[in-house]
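Visitor: Here you go, one structure.
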Amino acid sequence: MNNSVSACLDSLSVQRAYGPVVEGEALISEEGFSPRYDLDRWSGVITKPGHKLEGVSIRDRICFFPTAKGGIAAGWAFYDIKHKSIAPRAFIFGVTNPVMVQGAVFAGIAITEGWSKLPAEVVQNGDWVRVDPGRKVIEVLRRASPPEADGGPA
């Protein structure tokens, strides 16, 4: 068993959490999430027209959404995307609902609700984060690389 711990650059705590400890690339959304209406459940890409993450994949990401949208479809949709290997590693919600939690638990996807700080104050898209549901904490382990200069004319 590896007992090494990576240095944490920043963190936020959550009120409720369930699932395994996972690490992955952060994906921050300003909009809520519905697995039924926002997501193509064959590709794992957000396809809702006009969604700020339209065209972005949630596969293997740590997905931060302010709210969960939808109802009973989440239970089977989360299991479906997990079975197809296009699920995120974790859902980090500001506010969720029991059906979304039930779906995530059934699918084996880490899920949290409620945060001590707005994620955008702590985490940026592309940061590498660890979700530790047992400790109810999300830690930034590595910052995303700054964008490369385009190399174009000055």
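The values are calculated or read from the model by the stated rules, or taken from the named source; none is laboratory data. None of these values were measured; they are calculated from a predicted model. Glycine gets a Cβ as well: all are built from the backbone with ideal geometry, and neighbour counts include every protein chain shown.
Visitor: Does any residue in the stretch 100-115 that is over 17 Å from Asp60 (Cα atoms) come within less than 7 Å, Cβ to Cβ, of a residue that is β-branched (Val, Ile, Thr) and in a loop (DSSP other than H, G, I, E, B) six or more places away or on a different chain, and which pairs are these?
Guide: So the pair list comes out as Glu113/Thr96.
Visitor: If we keep just the residues of the stretch 28-53 that are among the hydroxyl-bearing types (Ser, Thr, Tyr) and farther than 18 Å from Val101 by Cα, which is surrounded by the most Cβ atoms within 10 Å (Cβ to Cβ)?
Guide: Among those residues, the one meeting the criterion is Ser29.
Visitor: Let me ask something else about it. Tell me which residues, restricted to the stretch 54-77, are hydrophobic (A, V, I, L, M, F, W, C), buried (at least 18 other Cβ atoms within 10 Å of the Cβ) and modelled with pLDDT under 95.
Guide: Answer for the stretch 54-77, where residues must be hydrophobic (A, V, I, L, M, F, W, C), buried (at least 18 other Cβ atoms within 10 Å of the Cβ) and modelled with pLDDT under 95: Ala68, Ala74, Ala77.
Visitor: Here's another thing I want to ask about it. Restricting to the stretch 31-72, count the residues that are among the charged types (D, E, K, R) and either under 16 Å from Arg89 (Cα atoms) or touching a residue at least 60 places away in the same chain (Cβ under 8 Å) (or both).
Guide: Here the count works out to 4.
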